[in-house]
Amino acid sequence: MSPAAALATTAAVAPHGLLSPTGVEIAFLLVGLVTFGAALVTVTTRQLVHAALWLVVTLGGLAVEYLLLTAEFIAWMQVLIYVGSVVVLLLFGLMLTKAPIGRSPDADSANRWAALAVAVAAAAALVWVVVDAFRTTWIDLGGAPSGSTKVTGASLFQNWVLPFEALSVLLLAALVGAIVLSRKAKADAATATTGTPAVPGSRSEREGVR
């Protein structure tokens with residue numbers, strides 16, 4: 001084999017490093033930056049509706065990251081459950097409670113530095129826990145893919161079934177709470193207008209239910 005052919009073969013089998021990333025790695029980095037930026041806008045904007053829409057971008061970016069990691073099942077569950085259910089529930093809660101569409105200065109807190117310190121500490125603790133837990137973990141390339149339906153379903157319904165059900169009950173409680181708050185606001189408005197307390201089961205309330 002000639003030196004030129006040997007050099008070409010060596011370059012073909014050489015592993016990719018930090019200075020020679022693949023297209024998937026570049027796409028992963030770019031999508032991660034967009035997702036991080038959307039997450040920052042979500043927690044810093046003073047418009048609740050805009051925060052919900054930027055949350056859609058954040059969760060969608062995470063779904064794309066899962067696709068780039070060849071975890072197709074988890075990516076589609078991210079879209080169906082979080083983007084299709086959690087964000088829709090959040091938007092319904094905003095509409096039912098008649099949240100202001102524009103800027104909401106009263107919804108912002110003055111303790112930004114304390115919130116930033118707590119967020120940084122929580123992120124550092126999460127990174128440390130994940131690195132410490134998976135430091136010696138090896139992936140069996142000969143077995144089933146880590147993001148397949150079989151592996152994910154077995155882990156979800158064997159080890160995480162209780163948190164999964166607790167999350168569903170929490171979302172249901174949030175929706176019921178939004179409905180209760182909206183009906184209370186309607187009753188208070190009727191009382192302020194007529195000067196008499198609203199009687200449950202009255203004609204106006206029945207019309208409002210209809």
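The values are calculated or read from the model by the stated rules, or taken from the named source; none is laboratory data. Computed from a predicted structure; not experimentally measured. Virtual Cβ from ideal backbone geometry, glycine too; neighbours counted across all protein chains shown. Accessible surface areas use protein heavy atoms only, side chains included; no ligands, DNA or RNA. Shrake-Rupley method; radii C 1.70, N 1.55, O 1.52, S 1.80 Å.
Please work out the FRET efficiency for the pair Q47 and M95, using the Cβ-Cβ distance as r and a Förster radius of 22 Å; give the result to the nearest 0.05.
On the way: r = 14 Å, r/R0 = 0.66.
Efficiency computed from Cβ-Cβ geometry: 0.90.
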Return the FRET efficiency for the residue pair V176, L80: r is the Cβ-Cβ distance, R0 is 25 Å, and the value is rounded to the nearest 0.05. 0.65
Leaving out ligands and nucleic acids, and using a 1.4 Å probe, what accessible area per residue does region 39-80 come to in Å²? 56 Å²
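Grab the Cα-Cα distance for W128 and L156, subtract it from 0.36 nm times how many residues apart they are, and report the gain in nm with one decimal. Walk me through the numbers before you get to the answer.
Values: separation 28, 0.36 × 28 = 10.08 nm, distance 2.32 nm.
Value of the extension gain: 7.8 nm.
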Solvent-accessible area of S168, probe 1.4 Å, all protein chains present, reported in Å² to the nearest ten, please. 50 Å²
Given points 7 Å out from each Cα along the Cα-Cβ axis, report the V120 to S168 separation in nanometres with one decimal. 4.1 nm
